[in-house]
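Below is one structure, written out as structure tokens; comments come after it.
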Amino acid sequence: MKRNNLSSFYVSLWLLFTATMLQAVESAKGKYAQMLFSELFEDYSNALRPVEDTDKVLNVTLQITLSQIKDMDERNQILTAYLWIRQSWYDAYLKWDKDKYDGLDSIRIPSNLVWRPDIVLYNKADDDFSEPVNTNVVLRYDGKITWDAPAITKSSCVVDVSYFPFDSQQCNLTFGSWTYNGNQVDIINSLDSGDLSDFVEDVEWEIHGMPAVKNVITYGCCSEPYPDVTFTLILKRKSSFYIFNLLLPCILISFLAPLGFYLPADSGEKVSLGVTVLLALTVFQLMVAEIMPPSENVPLIGKYYIATMTMITASTALTIIIMNVHHCGSEAKPVPQWARVVILDYMSKIFFVYDVGENCTSPRREKEQEHRLEGGDMCRGADRKSHLSNGNDDSDLKENLNGNLNNSFGVHGENVRENVNCCSCYKMLIKNIEYIANCVRDHKANRAKGIEWKKVAKVMDRFFMWIFFIMVFFMSVLIIGKAA
């Protein structure tokens, strides 16, 4: 028991001694840091380029880390990104011997105390020209200064929306010195590309790389070269959102347009359906136009909308024409022979179009009823012929009776006159029956003419319905194939 207490006492004593030594070391380092800071910045100026020879080039190493894409404004063509910018260079006037300062090899001081390169984003699209974030820099004993500063940049980006929403974009971030030329400050790439290890995944864009290229440009105003480093951000749009919210509704609405040909002509809704579908597509077209830049390149989905709207406009116009054909009445001309052969005989069988009131399950029954009606008409025609022959006999009888009437006298003449009057009444009755039969025959002919035109209109409806279904299908497959 006593041995355990003694061990605990020694451990506590050792921890107290260690903590005291650490505090002494920290206080010693703090003392040397204050001394170093005072000696380094006693005669230092951050206004001049820190080189011993003014003809010597100062190399600045640049590294860009992409942390997040905050916004991609396609309409205004502005990319907003959150970057970590690391710059490192050597300051010839900020060196010390670390052995003289108890092994102190680095200190952290505010960045505004040292000279900083004026490296800016050339293609900046922000109205705010504020100073860089005043973060600390790390100063090493050999004069190397490392400055890490976060920045939210807004850069101009040429957006090509030809294949929207299946498009890829390339946005450039060009960094360079604003006042120093290449003979004074040279920029060196730290890596061959931007650092994407800390990138926060974006909901709309995929990052496929960020290569870096150094350029040396001589401008017309000056003879000195001006180096810059261009980071190309390669973006691929995630199209799922636009497929489910813009493309699929358009495809489904497009398949409604051919169904307008399937509606009965007497329903009165054929033209209304086409106009409604056209208005719905116009709304989607306006939604796409609001987010796209006003450029000459029409996006892929916009081309699909225009093609679909053109198709629906054509279908509505054809529907109006077919409805006029459907409502051809007795005043219309008969169906031409070529239309009777091509449309009524062949196309009606191909598209399974039957007469009005006839369907595919009972065409034979209807034909039997037609044969019965034709048989009845034949019987009535035979009766009519017998009556007409009787009428001729009556006319002969009338002539004979008139002859006898002229030669006869007495009471027999009155009987003969009554017989003649009966024959004339019978003849008038036959004429009235013939007139009624002719009217019925003309009515049936006009009705048959109207039925034929209605069948022609129905066959044309089915023909254009399948044509437009095929067009919508191939257009949809084409635009979906562009996404692959």
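The values are calculated or read from the model by the stated rules, or taken from the named source; none is laboratory data. From a predicted model like this one, the values you see are computed outputs, not experimental measurements. Cβ sites come from the backbone with ideal geometry, for glycine too, and all protein chains shown count toward neighbours. These accessible areas exclude ligands, DNA and RNA; they are computed on the full protein's heavy atoms, side chains included. Shrake-Rupley method; radii C 1.70, N 1.55, O 1.52, S 1.80 Å.
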**Pairs where the first residue, in region 216-230, is of a type in the set (D, E, K, R) and the second is outside any loop (DSSP other than H, G, I, E, B), C-beta under 6 Å, 6+ apart** = ASP228/THR174; ASP228/GLY176; ASP228/ASN215
**For ASP192: the one exception among (1) in contact with a strand residue (DSSP E or B) (Cβ under 7 Å, 6 or more places away or on another chain); (2) of a type in the set (Asp, Glu); (3) in contact (Cβ under 8 Å) with a residue 24 or more places away in the chain** = (3)
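On the given criteria, is SER106 over 45 Å from the mean Cα position of the chain (by Cα), farther than 27 Å from PHE231 by Cα and polar (S, T, N, Q)? Quick ask: steps written out before the conclusion?
Numbers: over 45 Å from the mean Cα position of the chain (by Cα): yes; farther than 27 Å from PHE231 by Cα: yes; polar (S, T, N, Q): yes.
Judged against the criteria, SER106 is a match.
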**Message:** Give me the strands (runs of 3 or more DSSP E) completely within region 163-266, filtered to those with at least 2 residues that are assigned by the TED database to the domain that holds ILE119 and among the aliphatic types (A, V, I, L, M), ordered by residue number.
**Reply:** 185-189, 212-217, 226-237
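Take the conditions among the basic types (Lys, Arg) and open to solvent by less than 60 Å² (accessible area, probe 1.4 Å) and apply them to ARG86. Does it pass?
No; evaluated as a whole, the condition is false for this residue.
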**Prompt:** Does LEU113 count as open to solvent by less than 20 Å² (accessible area, probe 1.4 Å), touching a strand residue (DSSP E or B) at 6+ places or on another chain (Cβ under 9 Å) and either in the same structural domain as THR230 (by the TED database) or farther than 20 Å from GLU42 by Cβ (or both)?
**Reply:** no
**Test result for LEU300, of a type in the set (A, V, I, L, M, F, W, C), more than 14 Å from GLU452 (Cβ to Cβ) and in contact with a helix residue (DSSP H, G or I) (Cβ under 9 Å, 6 or more places away or on another chain)** = yes
